[in-house]
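The values are calculated or read from the model by the stated rules, or taken from the named source; none is laboratory data. Since this is a predicted model, take the numbers as computed values, not measurements. Note that each Cβ is placed from the backbone with ideal geometry, even for glycine, and that neighbours are counted across all protein chains shown. Please note that ligands, DNA and RNA were not included when accessible areas were found on the heavy atoms of the full protein model with its side chains. Shrake-Rupley method; radii C 1.70, N 1.55, O 1.52, S 1.80 Å.
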Amino acid sequence: MQNRRQVTAAGLLLGSGLLTPALAQSAPSPQSLAEQFAATLSAGDIDGFSALFADSYVNHQQSAAAPPPANVSPKQATVAFFKARLTAMPDLKVAIEAVVADKDHVAASFVYSGTHKGVYFGVAPTGRALRFTSCDIFRVADGRIVEHWGMGDIAGVLAQLRA
C-alpha cells in the first residue's frame, strides 16, 4: 500500500514525550535503510545510494555473470554496479515486495523495472521494458549497510535483453 502510515515504537514514544526528536533522529532502522535503498535508486541518486554503505562494507554475493571489478573496494564495486544499472535504465524504479527486519538485519525482496536505454551487460539499448527481482539481506551498524548477502535475477535480465 503506497500511502500507508506506519506506527513505530519510536513514533509512539516521540508522541508521548518519552523520546526527544534528537534521539528519534538517530541512526536509521534496518527497514528504513532498505526503503532508502529503493528510494535513492528510484530517484537516480547514486550519491545518496553510496552514502547508505559503510566504507568497510562487505558483499558476500558473488556472481559469475557480474564479477566485481579488480582493485576496488566492495562498496565501490556495488556503487559501480548500480550506476551501470541506472545508466542502462535511466527511468529505473525499485519497489519492495516484502521486508523482514530485526535490530541489525533487514531482508527485502526488491522489484526493479525500467526501460533499456543504455548498454547493459554488453547489450546495446533495445528500448524494451525490463522487470526483474532480487532478494537481499543487509546487516546494519551505525546507520549504514555493513554486510550484504543476496541473489539477483541476472539470468532473467539477460534473457529479457536478448529476447
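The condition of being out of contact with any strand residue (DSSP E or B) (no Cβ under 7 Å at 6 or more places or on another chain), open to solvent by 20 Å² or more (accessible area, probe 1.4 Å) and closer than 24 Å to Ala155 by Cα holds for only one of Lys117, Lys93, that being Lys117. Within the range 40-66, the set of residues being in a helix (DSSP H, G or I) and open to solvent by 60 Å² or more (accessible area, probe 1.4 Å) comprises just one member, Asp47.
Checked against the criterion of being of a type outside the set (Gly, Ala, Ser), farther than 19 Å from Pro30 by Cα and loosely packed, with under 14 Cβ neighbours inside 10 Å, the candidates Pro74, Pro125, Pro69 yield just one match: Pro69. Out of (1) touching a helix residue (DSSP H, G or I) at 6+ places or on another chain (Cβ under 8 Å); (2) open to solvent by 40 Å² or more (accessible area, probe 1.4 Å), the odd one out for Val140 is which? Among (1) touching a helix residue (DSSP H, G or I) at 6+ places or on another chain (Cβ under 8 Å); (2) open to solvent by 40 Å² or more (accessible area, probe 1.4 Å), the lone unmet condition for Val140 is (2).
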